[in-house]
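Q: First the structure, which I've put down as structure tokens, then a few questions once you've had a look.
Only the coordinates and a few stated rules stand behind these numbers; no lab work does. A quick note: this is a predicted structure, and the numbers were derived from the prediction, not measured. Methodologically, a virtual Cβ is constructed for each residue, glycine included, from the backbone with ideal geometry; neighbour enumeration extends over all protein chains shown.
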């Protein structure tokens, strides 16, 4: 379900945001970078227009996680919040689980399965891509 306005926050509530509806289907990423940054076997993401993301309270800390990639997190509790790539100007990915109503946004596939841990075998029947969508 897409909503015209999505809201969310980090674990401690120091960073609270709202944004417009997602602009491409949500996905679950299994790449090594996402795993290490989140400390989890995968991360669910949704993509919104960057100019629709507004921080209501607080500001996340942003860092350059790899070439042309920037991620943000709450500087107080450490919750991973966003991912943006310089090649996708105008878009930003938000961790789906930080939404106030994450059950209303359902991923449609899995990406970067070539990086998935051997025991990470999704059983939800969703399509699985070796890399990103459209590349295998």
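Q: For the chain, what's the relative contact order in percent, using C-alpha pairs closer than 8 Å and at least 6 residues apart?
A: It comes to 27 percent, rounded to a whole number.
Q: In what sequence, highest mean first, do 97-109, 35-47 appear when ranked by Cβ atoms within 10 angstrom?
A: Result, highest mean first: 35-47, 97-109.
Q: Of the residues 118, 60, 25, which exhibits the maximal mean-square fluctuation in a Gaussian network model of the chain defined by a 10 Å Cα contact cut-off?
A: 118
Q: At what distance in nm do the modelled label points of residue 12 and residue 124 sit from each other, each positioned 7 Å from its Cα along Cα→Cβ?
A: 2.9 nm
Q: How big is the Cα convex hull of the chain in projection, averaged over all directions, in nm²?
A: Result: 8.0 nm².
Q: Mind checking the log10 I(q)/I(0) for segment 1-60 at q = 0.15, 0.25, 0.26 Å⁻¹? Debye, one equal scatterer per Cα, no solvent, two decimals.
A: After summing over all Cα pairs, the log10 values are -0.54, -1.10, -1.11.
Q: I'd like to compare 122-129, 78-85: which one has the highest average count of other Cβ atoms within 10 Å, and what's the full order after that?
A: So the peptides 122-129, 78-85, ranked by packing, come out 78-85, 122-129.
Q: Given R₀ = 25 Å, what would the calculated FRET efficiency be for residue 55 paired with residue 106, taking r from the Cβ atoms and rounding to 0.05?
A: It comes to 0.50.
Q: Follow-up question, since we're still on this one. So if we plug the beta-carbon distance of residue 62 and residue 97 into 1/(1 + (r/R0)^6) with R0 = 22 Å, what FRET efficiency do we get, rounded to 0.05?
A: With a Förster radius of 22 Å, E is 0.70.
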